[in-house]
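Notes follow once the structure below has been shown.
The values are calculated or read from the model by the stated rules, or taken from the named source; none is laboratory data. Bear in mind that the values here come from a model prediction, so they are computed numbers and not experimental data. Positions of Cβ are backbone-derived with ideal geometry, glycine not excepted, and every protein chain shown enters the neighbour counts.
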């Protein structure tokens, strides 16, 4: 029996993506009717009703997609780009497409629009204090600015909304920075990271999904913006120690002063990389907790479980045909 808002029919955009696939399955298990919108036809778990949409550089006709839906969870976005990707492309995919979707959702009587934004709508990749929703947003790149613009479009639409600003998410089939951390941790190389005591908030996939489902059921979340993360912020040294132990590796972290790396990154003109590696990014989730949500997974346990999942998967098999590769 669904509580609170009684929203039974949910549209999930970006449903074949990193978060969307797991969210769609979780909603299906929780008893919701799920309609998924993806860029390409995808075999998703469960009996979802699937709609294929464009890559959002050419926004689709959203009206028939939102028709009959009680709620929308909007995940589809452009998060990464090459040096050739102009700011206008982020704006088109992340802000304008969101604006058109939320407008159609309002016109068709959608009762709740949940927008998955990003902590980057509020901050650079690092911050010199613990962030809360009360802080003035200061995005530092085109991605963050486009997400903040999309948030404003949602807020201006007149539809009942909830906005989440997640930190970096880790979970099955990881991508981006988390995938890189896992690959490096799995090696036997000594790493010069024993003295990196900067702390960063991370977010377990299941904690994010629980937050979204909590919002679907609780009226108190309507009209709110929430930062969302696990409870504990860990240092880079702690993260690699946890991952290496989970992989059954020796710790092998070498003590080299971090300022040596800072000088190197500055010398090659990549101070931004230095801040991403060594800067703090800690968020407070007190607002969401006050409204009743609690993270079920702590980061230490979540990272260990993630490595166990990866290790349990069968290794890729080489092809039998001549010249095949792994």
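See the values below:
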| quantity | calculated |
| --- | --- |
| Sole residue being touching a helix residue (DSSP H, G or I) at 6+ places or on another chain (Cβ under 8 Å) and modelled with pLDDT under 95, chosen from 46, 17 | 46 |
| Scope the stretch 132-158; condition in contact with a strand residue (DSSP E or B) (Cβ under 6 Å, 6 or more places away or on another chain) and buried (at least 21 other Cβ atoms within 10 Å of the Cβ); matching residues | 151, 154 |
| Failed condition for residue 188, given (1) touching a strand residue (DSSP E or B) at 6+ places or on another chain (Cβ under 9 Å); (2) surrounded by fewer than 18 Cβ atoms within 10 Å (Cβ to Cβ); (3) in a loop (DSSP other than H, G, I, E, B) | (1) |
| Residue count, the stretch 214-236 (criterion: touching a strand residue (DSSP E or B) at 6+ places or on another chain (Cβ under 8 Å), surrounded by fewer than 19 Cβ atoms within 10 Å (Cβ to Cβ) and farther than 11 Å from residue 291 by Cβ) | 2 |
| Scope the stretch 262-278; condition over 19 Å from the mean Cα position of the chain (by Cα) and in contact (Cβ under 8 Å) with a residue 40 or more places away in the chain; matching residues | 272, 275, 278 |
| The stretch 94-116, residues that are closer than 13 Å to residue 147 by Cβ and buried (at least 24 other Cβ atoms within 10 Å of the Cβ) | 94, 97, 98, 115, 116 |
| All positions within the stretch 306-316 that are surrounded by fewer than 17 Cβ atoms within 10 Å (Cβ to Cβ) and either in contact with a strand residue (DSSP E or B) (Cβ under 9 Å, 6 or more places away or on another chain) or free of Cβ contacts under 8 Å to residues at least 60 places away in the same chain (or both) | 312, 313, 314, 315, 316 |
| Subset of the stretch 128-151 that is in contact (Cβ under 8 Å) with a residue 40 or more places away in the chain and in a helix (DSSP H, G or I) - its residue that is nearest to residue 217 (Cα to Cα) | 151 |
| Meets criteria (more than 14 Å from the chain's Cα centre (by Cα), at positive phi and surrounded by fewer than 21 Cβ atoms within 10 Å (Cβ to Cβ)) for residue 176 | no |
